[in-house]
Amino acid sequence: MFTRSRKHLTQWLMLTMGSVFVVFGGLLYVVEVDRELHKLDQQLYREAELMISSSGADSSPNPTYPVQFEVKTLPLLGGKTLSITSDLVYARWYDTNNHLLMFFGPLSGDRRDIQPGYTTLVHEGQRLRQMTVPIESEGQTLGHLELATALVPVETALNQIRLVLSVGLPVGVGLIGLLSWWFAGQVMRPIQLSYQRLEQFSADASHELRSPVASILSQAELGLMTASPQEQVARLQRIAELAQSMGRLINSLLLLVSSDRWSGNQRCNLTALIKDLSREFQPQAAAKGLWWRLELPQAALWVNGETELLRQAITNLLSNACRYTTTGEVALSLSHRLGQVIVTVHDSGIGIPAADLPHVFDRFYRVDKARSRHTGGFGLGLAIAQQIVQAHHGTLQVVSTENQGSTFTISLPLLPPALAQPQPASPQTSAYKTSS
Ligand code: ADP
């Protein structure tokens with residue numbers, strides 16, 4: 001599917017860019033034709049000016065006319081020194097009655113109207129550029145001068161341009177094709193990646209939902225088959241538990257889909273949030289006989305962020321810490337360093353094996369599926385936490401040693417004091433055992 005889309009995109013890019021390239025080449029050629037002809041015309045004009053370098057000659061028909069001359073014997077009129085450099089094919093001077101007075105080069109047999117201006121014509125199989133100019137002196141028209149030169153220099157220049165274009169255009173279009181293919185690949189890659197991620201996510205989510213649905217169905221069928229009211233109650237209780245678990249999974253999935261859509265214009269007092277979370281989790285730790293340690297800075301630390309999303313991220317880390325720790329301590333700390341706010345969740349629990357560490361932030365990844373399911377985990381908590389932190393331009397890192405414990409560290413850009421709302425916070429560092 002993506003290869004077909006890439007091909008289509010390449011074709012369209014090639015068509016548009018190729019057309020622009022071809023039109024540009026055509027325009028270049030037309031401009032060049034015009035430029036070369038203009039150059040030749042100017043040269044002809046300059047030579048006409050040189051020939052008519054003075055006036056005063058008798059232009060009336062004379063029995064000895066037409067007189068043939070050589071370019072070397074120029075000027076026709078006057079006595080200035082001339083330098084005719086071009087390859088003139090012919091030059092003809094007509095009087096006002098179009099009688100030929102003087103000429104150089106071959107004579108044309110046909111009688112034509114003599115019209116001032118430039119024209120391109122074929123003479124004895126050779127393409128010529130001809131110019132006709134009126135000869136005027138003291139406001140009086142003496143006749144017309146007709147000059148013609150071969151178009152060979154123009155044709156040579158244009159042939160070269162045609163050659164360059166005929167080689168350059170296909171090569172250019174080919175290059176455009178290659179570039180378009182590469183560009184289409186670059187454009188398609190993120191789309192392909194997000195499509196693959198979406199596919200994987202849908203597959204994982206349906207897989208996770210399939211087993212509780214199957215369990216609910218079998219519990220219901222067994223409950224319907226049995227006549228014992230106690231067993232039916234037990235099965236209904238199990239169905240309720242499974243439905244609750246499914247509800248949690250669906251909530252996590254919804255959170256995962258929406259947690260990276262943070263609008264970016266709220267501010268969060270992390271000191272207050274951490275205090276609040278400490279109050280919430282301390283009893284949980286106490287219930288398991290764990291030490292609870294809390295470290296807070298003197299000042300209130302603010303970040304750009306949505307409080308509820310950040311609460312969710314830290315909650316996921318704290319509930320994991322409590323869940324995967326049976327003895328020892330759980331510590332929550334907040335500090336700041338080099339413009340970053342650091343939130344640390346440390347536990348002395350079972351830790352994560354080194355081989356699993358690179359994958360723990362993947363969606364639906366569980367180190368030990370059986371144990372995680374037993375503790376109600378779907379392998380989404382860390383993925384959600386990471387997604388939230390990244391949406392807040394922060395990082396989430398983990399250091400863990402099996403059977404020794406884990407430390408999760410969130411870094412978020414500290415909001416400059418000028419932008420943060422001042423909120424005094426008293427220095428607090430506490431370490432106490434919260435046994436039940
Ligand atoms: P779950 O909801 O299944 O716990 P998480 O995404 O929160 O999913 O965690 C992924 C896996 O990482 C878990 O299966 C668990 O094995 C491991 N894990 C996460 N936090 C800790 C921790 N503090 N101590 C030990 N293992 C942890």
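The values are calculated or read from the model by the stated rules, or taken from the named source; none is laboratory data. Owing to the predicted nature of the structure, the values given are computational and were not obtained by experimental measurement. Quick reminder, even Gly has a Cβ in these numbers, built from the backbone with ideal geometry, and neighbours come from all protein chains shown.
Could you grab the pairs with beta carbons closer than 6 Å, sequence gap of 6+ or different chains, first residue in the range 307-323 and farther than 12 Å from G377 by Cβ and small (G, A, S), second one modelled with pLDDT of 95 or more and within 7 Å of the ligand (Cβ to nearest atom)? Qualifying pairs under 6 Å: A321/D347.
Per the conditions (1) within 10 Å of the ligand (Cβ to nearest atom); (2) in a strand (DSSP E or B); (3) more than 27 Å from Q200 (Cα to Cα); (4) out of contact with any Asp or Glu (no Cβ under 6 Å at 6 or more places or on another chain), the sole criterion not satisfied by C322 is (2). Can you find a residue in the range 162-177 that is part of a strand (DSSP E or B) and of a type in the set (S, T, Y)? Within the range 162-177 (the criterion being part of a strand (DSSP E or B) and of a type in the set (S, T, Y)), the answer is no, since none of the residues qualifies. When the range 397-420 is limited to residues that are part of a loop (DSSP other than H, G, I, E, B) and not charged (D, E, K, R), the one that is nearest to the chain's Cα centre (by Cα) turns out to be L415.
The residues listed here are L277, L222, L254, L318; of these, the one that is under 19 Å from I384 (Cβ atoms) and more than 41 Å from the chain's Cα centre (by Cα) is L277.
The set of residues in the range 302-317 that are within 11 Å of the ligand (Cβ to nearest atom) and in contact with a strand residue (DSSP E or B) (Cβ under 6 Å, 6 or more places away or on another chain) contains only L317. When residues in the range 332-364 are screened for being crowded, with 20+ Cβ neighbours inside 10 Å and outside any loop (DSSP other than H, G, I, E, B), 7 of them pass.
The sole residue among E199, E208 that is touching a Leu at 6+ places or on another chain (Cβ under 8 Å), farther than 30 Å from Q126 by Cα and in a helix (DSSP H, G or I) is E208. Among residues of the range 345-371 that are near the ligand (Cβ under 8 Å from one of its atoms), those with a beta-carbon under 9 Å from a residue that is at pLDDT 95 or above and aromatic (F, W, Y) at least six positions away or on a different chain give the pairs V345/F408; D347/F408. If you go through the range 36-57 one residue at a time, do you hit one that is out of contact with any strand residue (DSSP E or B) (no Cβ under 6 Å at 6 or more places or on another chain), assigned to a loop (DSSP other than H, G, I, E, B), surrounded by 11 or more Cβ atoms within 10 Å (Cβ to Cβ) and at pLDDT 60 or above? Looking for residues that are out of contact with any strand residue (DSSP E or B) (no Cβ under 6 Å at 6 or more places or on another chain), assigned to a loop (DSSP other than H, G, I, E, B), surrounded by 11 or more Cβ atoms within 10 Å (Cβ to Cβ) and at pLDDT 60 or above, one finds at least one in the range 36-57, hence yes. If you go through the range 9-31 and keep only what is in contact (Cβ under 8 Å) with a residue 12 or more places away in the chain and among the aliphatic types (A, V, I, L, M), you end up with L9, L13, M14, M17, V22, L28. Taking the criterion of being closer than 28 Å to L332 by Cβ and part of a loop (DSSP other than H, G, I, E, B), the residues of the range 219-276 that qualify are S259, D260, R261, W262, S263, G264, N265, Q266. N97 meets each of the listed conditions (1) surrounded by 13 or more Cβ atoms within 10 Å (Cβ to Cβ); (2) modelled with pLDDT of 80 or more; (3) more than 15 Å from L40 (Cβ to Cβ) apart from (1).
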